[in-house]
Structure formats: structure tokens, C-alpha cells
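> One structure, as C-alpha cells, below. Some questions next.
The values are calculated or read from the model by the stated rules, or taken from the named source; none is laboratory data. Bear in mind the structure is a predicted one, so any value in this text is a computation, not a measurement. Methodologically, a virtual Cβ is constructed for each residue, glycine included, from the backbone with ideal geometry; neighbour enumeration extends over all protein chains shown. We work out accessible area using only protein heavy atoms, side chains counted, and drop any ligands, DNA or RNA first. Shrake-Rupley method; radii C 1.70, N 1.55, O 1.52, S 1.80 Å.
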Amino acid sequence: MSLGEGNQSSVTTFILLGFSEYPYLQTPLFLVFLTIYMVTLVGNLGIIVVIRINPKLHMPMYFFLSHLSFLDICYSSVFTPKLLEILVMEDRTISFKGCMVQFFFVCAFVITEMFMLAVMAYDRFVAVCNPLLYTVAMSQKLCALLVAGTYAWGGICSLTLTYSLLELSYCGSNIINHFGCEYSAILSLSCSDPYFSQMTCLVISTFNEACSLLIILASYIFIVVTIVKMPTTGGLQKAFSTCVSHLTAITIFHGIILLLYCVPNSKSSWLLVKVATVFFTVMIPMLNPLIYSLRNKDVKDTARKLIITKLLSHSM
């Protein structure tokens, strides 16, 4: 079929299998994912609130961190509620339009977070390599432009990928062997030639992954060179400690993405894809606030004071 025939799709709803092949795990998984989702919301909202109320945290690094927390809330909230629903409800359907909307937002938020981590790497490069010029180099205007650029690029890429899926015809099976509208799972249901969609995804994915990793790699090469040249070990430790949390978040985020890239597109690998996607969309948003708060004294102190203040106000 030609690309123009994509609107001839007869499928109006999809059925999400989720983890239905393991019926005895449905309730335990629901409780686990619900707990993780609640921790994700509380943790990331907590990071945003802490950054807003503490003037010491009104710096570029924390400005980017607050947007990272916002993105974690967003893409976790696009996938997790539907996952929780299909674990306890017999109705596992999602409309065709709903599926495409879910894919668009997840894709947009993930690509935006990918480049937000790259922007944060550049921020650490400026802070460590040019500390005296940090506030000038990372002006409020530049920070706003960098953040706006990541959101805009994420939206453009996601719109392109969603359009490539909409141009396909879906006239056969409507069963998605996943808990959400993941790209390869949707593509496997198409009854038209998926070449255009596959090439679009390959080009965008490769470009985004390569560009974001190159920015991160270049930033940290300069950071390491600068740290090695520092005369005192105290300065070295302080400079390195500001980067450890960010490196941990990058390693987990890109590690899971590369794992998903490497998984062969076959029926035998669907379970691994689902587990990796769960980790990516459910676990990572929960881990990021823990990674950044546990290693950051200012964040921990502000959070502690906020909790004590709330407890005292309730006890009176």
C-alpha cells in the first residue's frame, strides 16, 4: 500500500496484553507498580518544590534538574496509569487515537529528557572548567533557550515518528503484545510496507542518541582533564562530586535505551522488551530524584527542613 492509503485502516481499537500470560502476578505487579508510581510522583514533585523554595538552589544546574523531574513525572504518567489499569481490569483495550496520542507524548518526553541530560552535562562542563564565568556563561536567557530547544526538538521528532505510524494501514490483528503503545509493537501490526516508518525511526533514533552522547562525552572529557590538572585533592573531590549524580542518571537512562536497541525484534524477545520498557518508563523516573537528592547536601537539608516544618505545623 502507498503512504496515502494509511487512512484505510480498519482497526479502531487495540488490545494490550501486558503481562496477562502471568495471571498469578497481576495483583503483586499492580501493588509494586502503584507503589513505585506514588514514590515517583512524591519524589519528583518534592525535588521541584525544594528547588523553588530554596534561594540557594536558584542556579542553572537546579533549573535543569527541576525540568528533568517534570519530564520524569510526565512520561511516567503517560504509561503507568494504563499499565495499572490493564493489570486489574478485564478490559485491556485502547482506542487507535488514544494509542497514537500515548506514543506521541511518551516519545516526546523521552527525547526531551535525552537532550536535557546532555544540556546538564554542558552545564557541568561550564561550572567545572570555567567557574568564574559560570553565572555569565549560563545566563537565565541561555538556560531558558536550551530548555525550550529540548522541548521543541522532542516535539518535532515525536510528531515525525507518530506521522510515520499514522501513514501505515492496520487491517489485521489488533493485539499489542505490550502494556503500552511502544513503537515496534505498533509497527508489527501494520499490514502495509513499514519501510518508510522503519527508516524514519532509524534516522531519528541514531541521530538523537549519537548527538546527545557526543555532547555528554565531550563535556566530560573536558571535565576530567580539568579535574586532573587541579592542584589540590579537595578541589578534585568537590568538582567530581557535582558530576557523580548526573553520570549515574545518564548511565541508567542511556544503558536501557541501548539495551532496547540491541534486543532482536522477534517473538521470543518480547518479554525482555516489556521488562526493559517497565524499567525505563516506571523505574527510572523513581530513581532520578533518589540519585540527585541522596548525593546533594543542599537538596537534603531543604527537604529535611520542609518536612520538619510540616510536621510541626500539623502537631500544633
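> Calculate the dipole size of the chain relative to its Cα centre from +1 charges on Lys and Arg beta carbons and -1 charges on Asp and Glu beta carbons; express the result in debye to the nearest 20.
On the way: 17 positive and 14 negative charges, 277 e Å.
So the magnitude is around 1320 debye.
> Just reorder K274, K141, K82 by solvent-accessible area, largest first, 1.4 Å probe, all chains present. Write down the numbers at each step before the final one.
Working: K274 0, K141 150, K82 35 Å².
Ranking K274, K141, K82 by accessible area, largest first, yields K141, K82, K274.
> Rounded if a/c is under 1.5, else prolate if a/b is larger than b/c, else oblate: which is region 1-111, with a ≥ b ≥ c the root eigenvalues of its Cα gyration tensor?
oblate
> Taking the Cβ of T162 as the centre, find all other residues whose Cβ is under 15 Å away and add up their charges (Lys, Arg: +1; Asp, Glu: -1). Could you put the intermediate results ahead of the total?
Values: positive: K97; negative: E167, E182.
Net charge around T162: -1.
> Can you give the angle from 0 to 90° between the axis of helix 195-229 and the longest principal axis of the chain, with both taken from C-alpha atoms, to the nearest 10?
Compared with the principal axis, the helix lies near 10 degrees.
> To the nearest 0.05, what FRET efficiency results for L132 and T160 with a Förster distance of 35 Å applied to their C-beta separation? Before the final figure, lay out the partial values.
Numbers: r = 42 Å, r/R0 = 1.19.
In this case the efficiency is close to 0.25.
> If you count, for each residue, the other Cβ atoms within 10 Å and average over each peptide, how do 159-171, 277-289 line up from highest to lowest?
On the way: 159-171: 18.7, 277-289: 21.5.
The densest-packed peptide leads the list: 277-289, 159-171.
> What residue among I227, I257, T27 has its Cα farthest toward the positive end of the dipole of the chain, where the charges are +1 on Lys, Arg and -1 on Asp, Glu, each on the Cβ?
Most positive-ward Cα: I227.
> Still on this structure, please answer the following. Would you please give the residues with an amide H less than 5 Å from that of N130, counting only those at least 5 places away or on a separate chain, with H modeled from the backbone geometry?
Amide H neighbours of N130, under 5 Å, 5+ apart: none.
> If you don't mind, another one. Could you order peptides 254-262, 59-67 by the average number of other Cβ atoms within 10 Å of their residues, highest first? Mind showing how you got there, number by number?
On the way: 254-262: 14.3, 59-67: 21.7.
Top to bottom by mean Cβ count within 10 Å: 59-67, 254-262.
> Under the 0.36 nm per residue contour assumption, what length would be gained going from the current alpha-carbon distance of V88 and H58 to full extension? Please list the in-between numbers first.
Values: separation 30, 0.36 × 30 = 10.80 nm, distance 4.25 nm.
Length difference between fully extended and current span is 6.5 nm.
> Give me the extension gain from S269 to S20: residue separation times 0.36 nm, minus the current Cα-Cα distance, reported in nm with one decimal.
On the way: separation 249, 0.36 × 249 = 89.64 nm, distance 1.61 nm.
That pair, S269 and S20, stretches by 88.0 nm at full extension.
> Give the carbon-plus-sulfur fraction of the accessible surface of region 13-310 in %, rounded to a whole number; probe 1.4 Å, heavy atoms of protein chains only. Working shown, then result.
On the way: 10540 of 14300 Å².
Carbon and sulfur together cover 74 percent of it.
> Place the peptides 214-220, 131-137 in order of packing, highest mean first, counting for every residue the other Cβ atoms within 10 Å and averaging per peptide. List each step's numbers first, then the result.
Working: 214-220: 17.0, 131-137: 12.1.
With the highest mean Cβ count within 10 Å placed first, the list reads 214-220, 131-137.
> Quick one: net charge of Q102's neighbours, Cβ under 15 Å, K/R +1, D/E -1? Mind showing how you got there, number by number?
Details: positive: K82, R92, K97; negative: E85, E182.
My count for the surroundings of Q102 gives +1.
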